[in-house]
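All remarks here apply to the structure that follows.
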Amino acid sequence: MKLIIIIPLITIYFTLVSFCTSAQSIGTDPALENLKNFQINTPTMVSAGLPNQAQFEALKANGVFNVIDLIPGDRSEESKLMRSLALQYQNIAVEWDNPTLENFDEYVIAMQQFQKDGGVTLTHCKLNWRGAVFTYLYRVTQLNEPEAAAKKDLDATWQPNETWQHFIEDVKEKYPS
């Protein structure tokens, strides 16, 4: 009876360890060295500017199973590419001059679902400015990470302008830590 319980636990353990190792080793893949503003945010979260097909393939090879695209507009080509790579894909159209609480709510739902499904989740936009804010806010409001650690990653990518600073404040007010 104990053996029946131990085997699934061992399988789960090694699966989780491989996911964590994958996210941490992604940054050493030479195919990703030109990926704009690439960051490893947590063992299961990475963010970047817009990857090309070869970079998406490298990300997948390194454990990325889920992609959240924050770019508005027609994203049908990326959606098709994600299907061809067997990556789970969610587009949240975040307007540059008008990020909304609803955008962040949708992001939280997608992140929670992807975390249940397993693997590493990539959040991306064109330059990783939207992505850096969304991953920062998720880490602080949902994962209860220390503000300083999450803010360090955000600051390494860009300094949010007034619109984005207001958005950050609104999200923190809605989701106090």
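The values are calculated or read from the model by the stated rules, or taken from the named source; none is laboratory data. Here the structure is a predicted model, which is why all the values come from computation and not from measurement. With ideal geometry, Cβ positions are generated from the backbone for all residues, glycine too; neighbour counts draw on all protein chains shown.
Taking the listed residues Tyr138, Tyr107, Tyr89, the one that is among the aromatic types (Phe, Trp, Tyr), closer than 20 Å to Ala149 by Cα and within 13 Å of the chain's Cα centre (by Cα) is Tyr138, with no other qualifying.
Residue count for region 35-56 satisfying the condition of being outside any loop (DSSP other than H, G, I, E, B) and farther than 21 Å from Gly118 by Cβ: 3. So, Ile12, is that one modelled with pLDDT under 50 and over 14 Å from the mean Cα position of the chain (by Cα) or not? The answer is yes for Ile12. Scanning region 163-172 for residues that are over 19 Å from the mean Cα position of the chain (by Cα) and over 19 Å from Pro146 (Cβ atoms), we see that the one that is surrounded by the most Cβ atoms within 10 Å (Cβ to Cβ) is Asp170.
Looking across region 146-177, the residues that are in contact with a Pro (Cβ under 8 Å, 6 or more places away or on another chain) and among the β-branched types (Val, Ile, Thr) come down to Thr163, Ile168. Only residues that are within 10 Å of the chain's Cα centre (by Cα) and either small (Gly, Ala, Ser) or closer than 13 Å to Lys172 by Cα (or both) were counted across region 111-134, and they come to 3.
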